[in-house]
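Here the structure comes first, spelled out in structure tokens, and everything after it is commentary.
The values are calculated or read from the model by the stated rules, or taken from the named source; none is laboratory data. Keep in mind that what you see is a predicted model, and the values were worked out from it rather than measured. All Cβ positions, glycine included, derive from the backbone under ideal geometry; neighbour counts span all protein chains shown.
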Amino acid sequence: MTHRLSVIALLLCAASGLAADKAGFAWIDPDGKQPVLTYAGKKVLEYVRPTFDPSQTPIKKDKKDPTANPTIKVYHHLYDETGTVRLTNGPEGMYPHHRGIFYGFNKISYDGHEADVWHGRNGESERHVATLSHEATADFGRHKVKVSWNGRDGKPFAMEERELTVHAPKGGWLVDFRSTLTTDLDKVHLDGDPQHAGFHFRANVEVEKTKNETYFLSPGEKEEKGKEVNWDPKTKKGPVNRPWTAMSFVVGGKRYTVVYLDHPDNPKEARQSERAYGRVGTYFEYDLTKDKPLHVKYRLWVQEGEVTPEQCDALSKAFVAVK
């Protein structure tokens, strides 16, 4: 395992790029309602872009009620190397507002309004507007989409260009997430808490049942199975600005690991979220203005099996070099 991932780290740093199977990547229905990226004919990435339907929002506003409108947001599913195991979650389980590979904030304020595009309990939403581009080569698959961030009144207060790129070095997937958020308003304040804001990866709902097998790895620390360490909004204490955090979890009787990589160019401080039921992410505060768009870039390394701190350091070093 160590040798295999050492080779992967070298591939990441190589100027020649990442090796891929000759069959390469391909898009199925890239401009349609259910775009799927494949590799060697197997599912890799699926873009979920429902048509927003406010009538599906539960009337009950009990925050403990797990029911959530399945149409409130766009997100991406990721599959394992066989293309048969979906590693991410949709609107299922105890926490259906956390879905797949997702980005948003739950405490947004602008022009006297408040919005929460994470839960979408009061008419807020993130909606697909257009597919701006899509590519598929032997080495990578990529697409860029336009997403509107909409308030309680249904009107957009910000517009996002979201781009995901997948590479296939031997042994796993390398997923690059880039986003540019803009507004025509004077100011949109983006805020939240570690569990409901920023960029997150939510594992398959099955991890709710195997959460005692989940563990987190970060620079200088390997946590016990089932243990979580989070930044606390009340005390303002907890982990911040980690270059990487690895989450190892069990789905279908197999162990998988996702390494979450934060880029130093992203806004700080980056406040840490860990959930043993299968979620990892960070968030920050930001004042979005006409003249100050929000640019972020994150990277995920996802594989079957476990990783070491040395391997995560190598992945982080390669990512930091990305401009």
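Numbers for the structure displayed
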{"read-out": "Condition met for residue 186 (in a strand (DSSP E or B), of a type in the set (Asp, Glu), in contact (Cβ under 8 Å) with a residue 60 or more places away in the chain and surrounded by fewer than 21 Cβ atoms within 10 Å (Cβ to Cβ))", "value": "no"}
{"read-out": "Qualifying residue in segment 218-233 (condition: modelled with pLDDT under 95 and either surrounded by 15 or more Cβ atoms within 10 Å (Cβ to Cβ) or under 23 Å from residue 163 (Cβ atoms) (or both))", "value": "yes"}
{"read-out": "Residues being surrounded by 19 or more Cβ atoms within 10 Å (Cβ to Cβ) and of a type in the set (Asp, Glu) - total across segment 271-313", "value": "1"}
{"read-out": "When residues of segment 148-175 are limited to those that are surrounded by 21 or more Cβ atoms within 10 Å (Cβ to Cβ), in a strand (DSSP E or B) and aliphatic (A, V, I, L, M), the one farthest from the chain's Cα centre (by Cα)", "value": "158"}
{"read-out": "Strands (runs of 3 or more DSSP E) wholly inside segment 247-296 containing at least 1 residues that are touching an Asp or Glu at 6+ places or on another chain (Cβ under 7 Å)", "value": "254-262, 271-275, 279-283"}
{"read-out": "Qualifying residue in segment 218-229 (condition: under 27 Å from residue 115 (Cα atoms) and among the β-branched types (Val, Ile, Thr))", "value": "no"}
{"read-out": "Qualifying residue in segment 92-109 (condition: basic (Lys, Arg) and in a strand (DSSP E or B))", "value": "yes"}
{"read-out": "Whichever residue in segment 252-270 is farther than 22 Å from residue 322 by Cα and in contact with a Gly (Cβ under 8 Å, 6 or more places away or on another chain) and, among such residues, is surrounded by the most Cβ atoms within 10 Å (Cβ to Cβ)", "value": "256"}
